[in-house]
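Presented below is the structure to which this report refers.
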Amino acid sequence: MLGVLLAFVLILIVVPGAPRGVAQSFPRDLVPRSTVGLAATATYPRFGGLRGDNVTTQLGLDFQRMLRLNGTLFVAARDHIYAFDLGQDKRVLYPERHLTWETRDRESCAMRGKLQDGCHNYIRVLVPRDARTLFAAETTPSTPVCRSYEARSLLQEGEEVSGQARCPFDTRQSNVALFADGSLYSATVADFQASDAVIYRSLGARSPPLRTLKYSSRWLQEPHFVQALPYGPYIYFFFREIAVELGALGKVAVARVARVCRNDRGGSPRVLERRWTSFLKARLQCTVPGDAVFYFDVLEAVTLPHALHGRPAVLALFGTQPNSIPGSAVCAFYLADVGAGVRGHFAEPRGAAGAWPPCPRSGCPGPGLAAVLGWAQPLPLSPPETSLTRRWPSPRSTPLLHGAVAPLGGRPLFTRTGTRLTQLAVDVGAGPRGNHTVLFLGAEDGRVLKVLAATRSPGDVQNAGDTAAPGDTGEPGAEVLLLEEISLYEPRWCRGPRGASRVLGLELHPPGQELFVAFAGCLVRLPLSRCAQHGACRRSCLAARDPYCVWLPPGGCVPFSEDLPAGFEQMWRDPPAHRDLPRCTSYRGR
């Protein structure tokens, strides 16, 4: 009922040219096949700070970032970077080593009247510079600072560099970063007031520093950056921002994907000097089709690329507008479709009504220097001004493309109403044959949802017709299932500020069959399955439909591993289709 109400109460923002489907009801929330309570998860290993650390005891861990590299999980927090050996005993969660990076002027900071938690270093950037070096940046009480560390020893290498435009000034400000071709690509804010949003390239020996246009709402309007990743000759940035083209409706957040060319060398002294000439952006669309298209617009998380149907794709988590009824959805996007979406006709404001129709080729500026010369071609050291002024005749020119990037299958893989989901991790190779996709979704109330998500290509949708179940691949029992709803957050075990139950990070480690779940105050080591809850009940084990569990006579229900002997079973259809299975008194785990 709530799902139907959600579809009608929320404001529907219609994008011109958006696909419309036949009349159909809003997807109902799935019922979890198993609910795992705090009593069952109380024994899972947790880390809330170093033993004897009084500051952590008072303020909590203050988690910021996670990174898995070379068999080690690195966790950035307040004043520390922790390194966890992923091969350690799974009953333990304690760092093998750590580094401490405290501010040098904590006393003077406190004397200036700052609150205690404002006089610490919060490590907001943690990315691999290469296979052996970590690049970190932190928000000091004054100006952000960057350092490089040797990954194995956590010893500092080289000198500190300025963190401006590479790291935010405040932990509440968003940022993403990555190294590509020896350069750091960062997206954050470049000033303390958070008024100068920037996508910036720096630290490259062969590529000049470039950035987006300053204080231009056409380029970036109050963005919240979510993910950055390389693909082909481009760097893609995923974020949400206030839509300048929907200004007549108020402050409406929309999901965006932006792209820059790796070989962009900037403009001329008169046009876009030290600015991107290849910066383009488009709307990222996650909708429930119907007569009235329902939009999930608030981008929360984006995965790194994975292979879906043999093609590189990303999965993204979306939410509803902040002042609306809570709801979330997961959509998948082929990267080829994302690249195609950041092309085509530009959107330009026309008339007094605030409309942004597509600009015809004959009356619109060109698509930018990289497009003029060919996206894969190297750009000249001195770009011709004619090609720049054709695309950027004035600062009012917009890099926004008309239309939107549609998701794989034309609709979400999974929807949830009544709560806001915050984080997403995906395993596209689950099960004995590695042919199942499992989503792990963190929620703001401290739960983790485990979803068996069957993905399909757009061609499958057309062949199956409009009546096919969302995500159905045509295989028996390939519908989307909510396998588990797992409660993890308990204030007594995980200290933190107000809202500390929100899941801030998920890091999947398939070789160890575990998921690391981060809250503001602690880190939890969560096994991917709870097969033992089915005990010696074959029916319960097989009907659970968990790709991580198999029935192994006479050992019972056990997690799948490559070294299991032959003869195990898995089932992908529910009883009573398999009437040969004896009934058990314990059918569903608690």
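The values are calculated or read from the model by the stated rules, or taken from the named source; none is laboratory data. Since we're looking at a predicted model, the values are computed, not measured. Virtual Cβ from ideal backbone geometry, glycine too; neighbours counted across all protein chains shown.
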What number of residues in the range 82-99 are more than 21 Å from L126 (Cα to Cα) and either in contact (Cβ under 8 Å) with a residue 12 or more places away in the chain or under 26 Å from the mean Cα position of the chain (by Cα) (or both)?
4
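Condition check ((1) assigned to a strand (DSSP E or B); (2) without any contact (Cβ under 8 Å) to a residue 40 or more places away in the chain; (3) surrounded by 22 or more Cβ atoms within 10 Å (Cβ to Cβ)) across all residues:
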{"site": "L272", "(1), (2), (3)": "no, no, yes"}
{"site": "S278", "(1), (2), (3)": "no, no, yes"}
{"site": "A282", "(1), (2), (3)": "yes, no, yes"}
{"site": "D291", "(1), (2), (3)": "no, no, no"}
{"site": "Y295", "(1), (2), (3)": "yes, no, yes"}
{"site": "L304", "(1), (2), (3)": "no, no, no"}
{"site": "V314", "(1), (2), (3)": "yes, no, yes"}
R172 being within 28 Å of G232 (Cα to Cα) and either of a type outside the set (A, V, I, L, M, F, W, C) or assigned to a loop (DSSP other than H, G, I, E, B) (or both):
no
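For (1) buried (at least 22 other Cβ atoms within 10 Å of the Cβ); (2) modelled with pLDDT under 55; (3) among the basic types (K, R), each residue gets a yes or a no:
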residue	(1), (2), (3)
W375	no, yes, no
P393	no, yes, no
G403	no, no, no
R416	yes, no, yes
G434	no, no, no
G446	no, no, no
N463	no, yes, no
Selection from the range 192-226 of residues part of a strand (DSSP E or B) and either farther than 19 Å from V254 by Cα or aliphatic (A, V, I, L, M) (or both) yields A197, V198, I199, Y200, R201, S202, L210, R211, V226
Filtered residues of the range 144-156 (kept if on the phi < 0 side of the Ramachandran plot and surrounded by 14 or more Cβ atoms within 10 Å (Cβ to Cβ))
P144, V145, C146, R147, S148, Y149, A151, Q156
Answer yes if at least one residue in the range 255-264 is part of a loop (DSSP other than H, G, I, E, B), touching an Asp or Glu at 6+ places or on another chain (Cβ under 8 Å) and surrounded by fewer than 24 Cβ atoms within 10 Å (Cβ to Cβ), and no otherwise.
yes
With the structure loaded, tell me whether R259 is within 28 Å of M66 (Cα to Cα) and touching a helix residue (DSSP H, G or I) at 6+ places or on another chain (Cβ under 8 Å) or whether it fails that test.
yes
Residue pairs within 8 Å by beta carbon, gap of at least six or interchain, first lying in the range 219-233 and on the phi > 0 side of the Ramachandran plot, second assigned to a strand (DSSP E or B) and surrounded by fewer than 21 Cβ atoms within 10 Å (Cβ to Cβ), listed first then second, are E222/I242
Residues satisfying the stated conditions in the range 59-68, i.e. crowded, with 16+ Cβ neighbours inside 10 Å and either among the small types (G, A, S) or under 18 Å from the mean Cα position of the chain (by Cα) (or both)
G60, F63, Q64, R65, M66, L67
Name the residues in the range 326-347 that are buried (at least 17 other Cβ atoms within 10 Å of the Cβ) and aliphatic (A, V, I, L, M), would you?
A329, V330, A332, L335, V338, V342, A347
Criterion first (touching a residue at least 12 places away in the same chain (Cβ under 8 Å) and under 19 Å from L73 (Cα atoms)) does A151 satisfy it?
yes
Among (1) of a type in the set (A, V, I, L, M, F, W, C); (2) touching a Gly at 6+ places or on another chain (Cβ under 9 Å); (3) closer than 17 Å to N435 by Cα, where does L523 come up short?
(3)
Take the residues in the range 38-70 that are charged (D, E, K, R) and in a strand (DSSP E or B), then tell me which one is farthest from R91 (Cα to Cα).
R65
